[in-house]
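Notes to accompany the following structure.
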Amino acid sequence: MKNARQVKTIVDAKAIVEERHLSHVKVGLFDIDGVMRGKYMAKDKFFSALEKGFAFCDVVLGWDIKDQLLDKTQYTGWHTGYPDAPVRILPASCREVYGEEGMLLFIAEFDEQAAMVCPRQTLSRVIKQAGDMGFNVFGALEYEFFLFNETPESVRQKNYRDLNTLTPDWFGYSMIRNSVHAELYHDILAMGEQMDFSIESLHTETGPGVIEAAITVDALSAAADKAALFKTFIKVLAQRRQLIATFMAKWSRDFPGQSGHIHLSLQHQDGTSAFFDPEQEHNMSQIQRHFLAGQQRLMPEFLAMIAPTVNSYTRMIPGFWAPTQATWGVENRTTALRVIKGSQKCQRIEYRLGAADANPYLALSAALASGLYGIMEQLEPYPQVKGNAYEQPQPDALNLPCSLWDAAKNLRQSAAAKLFFGEAFVEHFATTREWEEREYRKHVSDWEMIRYFEII
């Protein structure tokens, strides 16, 4: 029987469905926040959709993470009546669904006008620009996520307070923890193999119940799919085990935030590294220096795509492993950009500012586009930071926005963002982030109640 990852064409997709005698398959796409939305689709409908595409309500591009309808968006909204938008299925995305024996999953993406604000299509446009410049792009993401001995029902009953983490205390790289919970770790690894987001390393991070997974490197479009599927199905696996996983940037003031670090490298069309030059300091080619400089210069403008929630900004504080300025260093984990000195195979840049809550398609778009801009403009980076970046003053140009509102404003005004992502996407995404901030401002926090209720 055909392996799901051998499916490449429409003919292949139909054949494997027939071979497995499936009456339905799963089809899903990723919304503006990186949440997978989809459905079971009957075989005949699926076969027709493979050939001609199908229609999906564009509300998934016009609501927030809690299904609340956005206002002030131009692409879709009450003023458009939320029509269907064309969607195409990607046959080569075919995967088996872990835990659903024989079931197949296909990724879809918005087409035609909707493609202008579709996250996956946005990344595809930036990858094409890299190709036009003579580069193949490779990347990988690594995620930290907390696991709790809770369910979706119990966290609500507790009002998200006093949650019971999977394991207690701080215990990074613990052989005890990953042995006691070996069955869970084995399930995660097996799911990664079956669903083709293979995990290169898996270990406890420092903090109660936190795990870090590094996904294996791949061509950038495939790397984005793998990251988005990983986040989705880790949640599924956890809940099927009566656990719950969170990828919030920071769920507690007492523990470090959760990263979604991005590793990127460029290759020339002949397969040689565009970043590696053994004749240069740190093996950094001139292309890598320009790429690094672009990432550094545009980080303040593109931050909304890297840190897309109100919660993202609670992670970016000194001393908790999340950068606060657009700094860079060689093998320096206190900086926003870490140059990893290596060989033809592994010379790369780690975009350490990335958080676990980012939409992987948009985070990768921002990290890549900013680097390409540096190559186009032949920019040079600011001086390297050595030692603790939190304690060293930097130029004002490297300061990052302190709130989602300011980050959205920067993105909206960015000429580089419009160049790479298109004006339609920039307007739409900036508007969604402003909505997120305005929704937050309606909320009265526990801190405010404790501080002001009796005394003020």
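Observations, loosely collected:
- Within the stretch 188-220, the set of residues being closer than 20 Å to C346 by Cα, of a type in the set (G, A, S) and surrounded by 20 or more Cβ atoms within 10 Å (Cβ to Cβ) comprises just one member, A213.
- For the stretch 119-153, a residue qualifies if it is over 16 Å from the mean Cα position of the chain (by Cα) and without any contact (Cβ under 8 Å) to a residue 40 or more places away in the chain, and the qualifying residues are K128, G131, D132, E153.
- Test: residue in the stretch 141-156 that is under 30 Å from S445 (Cα atoms) and of a type in the set (V, I, T): yes
- Complete set of residues in the stretch 286-311 that are open to solvent by less than 10 Å² (accessible area, probe 1.4 Å) and either farther than 26 Å from L400 by Cβ or over 21 Å from the mean Cα position of the chain (by Cα) (or both): Q288, A293
- Taking residues in the stretch 415-435 that are more than 17 Å from K128 (Cβ to Cβ) and free of Cβ contacts under 8 Å to residues at least 60 places away in the same chain, and partners anywhere that are in a helix (DSSP H, G or I) and open to solvent by 20 Å² or more (accessible area, probe 1.4 Å), the pairs with Cβ atoms closer than 8 Å and at least 6 places apart or on different chains are V426/R412; V426/K418.
- Any hit, the stretch 265-286, residues being in contact with an Asp or Glu (Cβ under 6 Å, 6 or more places away or on another chain), modelled with pLDDT of 95 or more and among the charged types (D, E, K, R): no
- Sole exception among (1) of a type outside the set (V, I, T); (2) in contact with a Phe, Trp or Tyr (Cβ under 6 Å, 6 or more places away or on another chain); (3) part of a helix (DSSP H, G or I) for A85, by number: (3)
- Flag for R240 being surrounded by fewer than 18 Cβ atoms within 10 Å (Cβ to Cβ), at pLDDT below 95 and either hydrophobic (A, V, I, L, M, F, W, C) or over 18 Å from the mean Cα position of the chain (by Cα) (or both): no
- Residue that is nearest to V117 (Cα to Cα) [pool: residues in the stretch 42-85 that are of a type in the set (F, W, Y) and surrounded by 12 or more Cβ atoms within 10 Å (Cβ to Cβ)]: Y75
- Exclusive hit being over 24 Å from the mean Cα position of the chain (by Cα), more than 17 Å from D111 (Cβ to Cβ) and charged (D, E, K, R), set D33, D44, D67, D84: D44
The values are calculated or read from the model by the stated rules, or taken from the named source; none is laboratory data. Predicted, not measured: the structure shown is a model, and the values here were computed from it. So basically every Cβ, Gly included, is an ideal-geometry build from the backbone, and we count neighbours across all protein chains shown. Just the protein is used for accessible areas: all its heavy atoms, side chains included, with ligands, DNA and RNA removed. Shrake-Rupley method; radii C 1.70, N 1.55, O 1.52, S 1.80 Å.
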